[in-house]
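Single-structure report; data block below.
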Amino acid sequence: MEFEALSKVKDEEKRNELLEKIGTFGFMPAVKSALAEEAEKTFMEDIKSIPQLNNATVLSRTDVWNASKYKLLVSVKVPEGDKVDENFIAALPTIPEGQRHHYIYYDRSEKNLEFYSKVKHASAKSSKEAQRERENIANNWADLEAVGQKYYELRKHFVENFYCHSNEQIMLALQGAVYAVASEAPRYTTDQISQGLVKVLGIPEKAYSSYDARRIAIIAKVHELKRNNVTQCVYQLFSDSAGHNGRYGWDSKKWPVYRKRPEIIALYTWLESLGYETSQEEKELIDGTHEVFHRKNN
């Protein structure tokens, strides 16, 4: 079965590289990753063969996260199997004849082909205009932080007061762990997660003297989980907070930039399954229609 899977990888050099892993636990994941990369490469070649896109520049993940350079115009869902069919081509944005050069990015996780334009930078502003814009940006961030703090407190209060009365509710609570991992919420916040678990499980600081000792102390305490703290433990995996910098842009000297974040969608999907009522303003923060993301255009 492993040799059969290996034979599907077209690149000979890659096959030889994978051959060294055959028989190990990491072999099949490595093959799947190689096949996904080849499928993406073929897909992008097919994309570039479409007349209006043959001059397109393919952006990297770093490029699309740089809001100061590129602006997202539209996303088009990629068909199953990464097939460039007539329906997909018909869904592509219309590009005027004289503007055939476009910037594209294939979001493999969301299965979207994203179209970007280069950000045009305005000419140097007067010192008064620049000062006024800095003040407006600062006020915008302050408003965003205030709104973020309000809804963080509501989420936190809901979780802290949620008690699993039935096995069904325990299952719903535990599903949150899958939501968190699937959205990669814990990816860069393992230290924050373990600090949160220590508090929820009631582990005193004197019980550990190092980072490793803290993790071991948590592991030793997990079997004591009770109905009233299952949800709180799972909630720690989301590393929820009031701050929005990591979600809407890293640079507080620039306007907040909305980006659809899987971990936020996962958090609210889970909380709503437990009975949390999401307000209209929260929905606007999640989908990017909130006015704080559009003030700079007014």
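The values are calculated or read from the model by the stated rules, or taken from the named source; none is laboratory data. Bear in mind that the values here come from a model prediction, so they are computed numbers and not experimental data. Don't worry about glycine lacking a Cβ; one is built from the backbone with ideal geometry, like all the others, and counts go over all protein chains shown. Each accessible area value is taken on the protein alone, full model and side chains, heavy atoms only, with ligands, DNA and RNA left out. Shrake-Rupley method; radii C 1.70, N 1.55, O 1.52, S 1.80 Å.
The table for this structure:
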quantity	calculated
Matching residues in the range 116-170 - criterion: being assigned to a helix (DSSP H, G or I), basic (Lys, Arg) and open to solvent by 90 Å² or more (accessible area, probe 1.4 Å)	Lys128, Arg132, Arg134, Lys150
Considering residues of the range 275-295 that are touching a residue at least 60 places away in the same chain (Cβ under 8 Å) and part of a helix (DSSP H, G or I) only, the residue nearest to His157 (Cα to Cα)	Glu282
Enumeration of residues in the range 277-286 that are within 18 Å of the chain's Cα centre (by Cα) and open to solvent by less than 80 Å² (accessible area, probe 1.4 Å)	Glu282, Glu284, Leu285, Ile286
Sole residue being of a type in the set (Asp, Glu) and at pLDDT 80 or above, chosen from Glu97, Glu129	Glu129
Among (1) in contact (Cβ under 8 Å) with a residue 60 or more places away in the chain; (2) of a type in the set (Phe, Trp, Tyr); (3) open to solvent by less than 70 Å² (accessible area, probe 1.4 Å) - the single one Tyr208 does not satisfy	(1)
Failed item, numbered, when Pro186 is tested on (1) open to solvent by 40 Å² or more (accessible area, probe 1.4 Å); (2) not in a helix (DSSP H, G or I)	(1)
Selection count, the range 1-32, where residues are assigned to a helix (DSSP H, G or I) and open to solvent by 50 Å² or more (accessible area, probe 1.4 Å)	14
Yes/no for Thr289 being within 22 Å of the chain's Cα centre (by Cα), of a type in the set (Ser, Thr, Tyr), open to solvent by 70 Å² or more (accessible area, probe 1.4 Å) and more than 23 Å from Thr62 (Cβ to Cβ)	yes
Residues that are of a type in the set (Gly, Ala, Ser) and free of Cβ contacts under 8 Å to residues at least 60 places away in the same chain, drawn from the range 160-205	Ser166, Ser194, Gly196, Gly202
Single match in Val76, Val64 (criterion: touching a residue at least 12 places away in the same chain (Cβ under 8 Å), within 23 Å of Pro93 (Cβ to Cβ), of a type in the set (Val, Ile, Thr) and not in a helix (DSSP H, G or I))	Val76
